[in-house]
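Read-outs throughout are calculated quantities, based only on the coordinates presented, and are distinct from any laboratory measurement. As the structure is a computational prediction, the values presented were derived from the model and not from experiment. Methodologically, a virtual Cβ is constructed for each residue, glycine included, from the backbone with ideal geometry; neighbour enumeration extends over all protein chains shown.
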Amino acid sequence: FNPPRNHGYDVVGTIKAIHDEKVKFMFCMGGNFLSAAPDTTYTAEAFRKLKLLVCVSTKLNRGHLVHGKESLILPTLSRSDMDIVNGEVQIISTENSMGVVQSSKGVLKPISDQLINETQIVCRMAMAVLGEKSVIDWKRYHDSYDDVREAIENCIPGFENYNSRVREKGGFYLPNAPRHGQFTAKESADRAAFTLTEIPDNELAQDEYMMATTRTHDQFNTTIYGMDDRYRGIKNERRVIFMNQNDIDKAGFKAGDKVDLFNYNDGIERIAPLFLIVSYQIPERNTVTYFPETNVLVSVNNVVKESNMPASKYVKIKVKKHDPAIYEKIKHM
């Protein structure tokens, strides 16, 4: 099996390719692409051009409502559900932010005996489409996560004895060369290379602020588990904008005021309506809002150099007193 070596589309490239109708079919494995992507209105317009959108999902989300000619939702087991295949309880592998791989086993009874896991969905599609033409034993992987892990072990360094190590209490660390003092493949591998980067000149108009998006404590990606943010003392609210008190005073606002947020990149007006001002110890002319509520303000062309990632912590915005009539304007955008 020789994997393709050509670059595919990243998130921004995908959105633009769908807009240009170079991509006509999208298959989503979990997640909520629409809400997680930048430039929500632009992304939604792209999705409506698709011929077919298929979402493998553990629960419904807004992204299921925006699609093209046809759309399929394939419900699947979540990691909290018991996953029993041929009478054997399956465990999955997870990786945390520290690079530790450990096992996870669901304990809840699935809401339907018709639900299957994501791997089985993919394997059944492959068996149905490819049949005997495929050299891959899809049935083997369909029936056992252990066999999937065995294949991973044979392909990727650092996963030796995968099935036994993932079952150990605390799991195991993935290889991390810098942690062991290995920084390059050259003779001076024990020395780290530092890059000097010029500090950008972030020019703002008199009525502009720099906005960064962030997540709350009770949040994983676009999944909101609770409306409180104990990190920042916010209770039962997400549509807030954190501002320096001096900026609040200069603009003639006060904490608790209702405001609308605007971005004008690419000569396009983007609007996020009805946010509450929160006074916070943040540098002047800087603001913070929650992700994904303000993704609508992030231009698809506002990206980080080289990685082409949306620059969601570098968004120029304007803050204006809330206008109830703004919703009529948004409706026609």
Quiz prompt | Subset of region 70-123 that is acidic (Asp, Glu) and out of contact with any strand residue (DSSP E or B) (no Cβ under 8 Å at 6 or more places or on another chain) - its residue that is farthest from Val54 (Cα to Cα) | solution = Glu88
Quiz item: Quick one: what pairs do we get from region 59-79, first residue closer than 22 Å to Pro110 by Cα and without any contact (Cβ under 8 Å) to a residue 60 or more places away in the chain, second polar (S, T, N, Q) and in a loop (DSSP other than H, G, I, E, B), C-beta under 7 Å, 6+ apart or different chains?
Solution: Thr76/Thr58; Thr76/Asn117; Leu77/Asn117; Ser78/Thr58
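Is region 169-186 home to any residue that is surrounded by 11 or more Cβ atoms within 10 Å (Cβ to Cβ) and touching a Pro at 6+ places or on another chain (Cβ under 8 Å)?
First pass over region 169-186, keeping only residues surrounded by 11 or more Cβ atoms within 10 Å (Cβ to Cβ): 171-177, 182-184.
Then keep just the ones that are touching a Pro at 6+ places or on another chain (Cβ under 8 Å); that gives 175.
Yes, region 169-186 has at least one match.
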Quiz prompt | Any chance Asn154 is in a helix (DSSP H, G or I) and either basic (Lys, Arg) or exposed (fewer than 14 other Cβ atoms within 10 Å of the Cβ) (or both) | solution = yes
Self-check item: Subset of region 280-304 that is in contact (Cβ under 8 Å) with a residue 12 or more places away in the chain, of a type in the set (Val, Ile, Thr) and in a loop (DSSP other than H, G, I, E, B) - its residue that is surrounded by the most Cβ atoms within 10 Å (Cβ to Cβ)
Solution: Val298
Quiz prompt | Single residue of Pro110, Pro178, Pro157 found to be out of contact with any Phe, Trp or Tyr (no Cβ under 9 Å at 6 or more places or on another chain) and closer than 18 Å to Met82 by Cα | solution = Pro110
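Restricting region 115-151 to residues that are in a loop (DSSP other than H, G, I, E, B) and among the hydroxyl-bearing types (Ser, Thr, Tyr), which is surrounded by the most Cβ atoms within 10 Å (Cβ to Cβ)?
So, considering only residues that are in a loop (DSSP other than H, G, I, E, B) and among the hydroxyl-bearing types (Ser, Thr, Tyr), the one surrounded by the most Cβ atoms within 10 Å (Cβ to Cβ) is Ser144.
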Quiz item: Given the conditions (1) in a strand (DSSP E or B); (2) closer than 23 Å to Ala36 by Cα; (3) hydrophobic (A, V, I, L, M, F, W, C), which single one is not true for Ile277?
Solution: (2)
Quiz item: Within the set of pairs 6+ apart or on separate chains, which have a first residue in region 85-113 that is without any contact (Cβ under 8 Å) to a residue 60 or more places away in the chain and among the hydroxyl-bearing types (Ser, Thr, Tyr), a second that is crowded, with 16+ Cβ neighbours inside 10 Å and part of a strand (DSSP E or B), and C-beta atoms under 9 Å apart?
Solution: Thr94/Val101; Thr94/Gln102; Thr94/Ser103; Ser104/Ile92; Ser104/Ser93; Ser112/Pro75
Quiz prompt | Residue identified as over 19 Å from Tyr141 (Cα atoms) and out of contact with any strand residue (DSSP E or B) (no Cβ under 9 Å at 6 or more places or on another chain) among Thr43, Thr58 | solution = Thr43
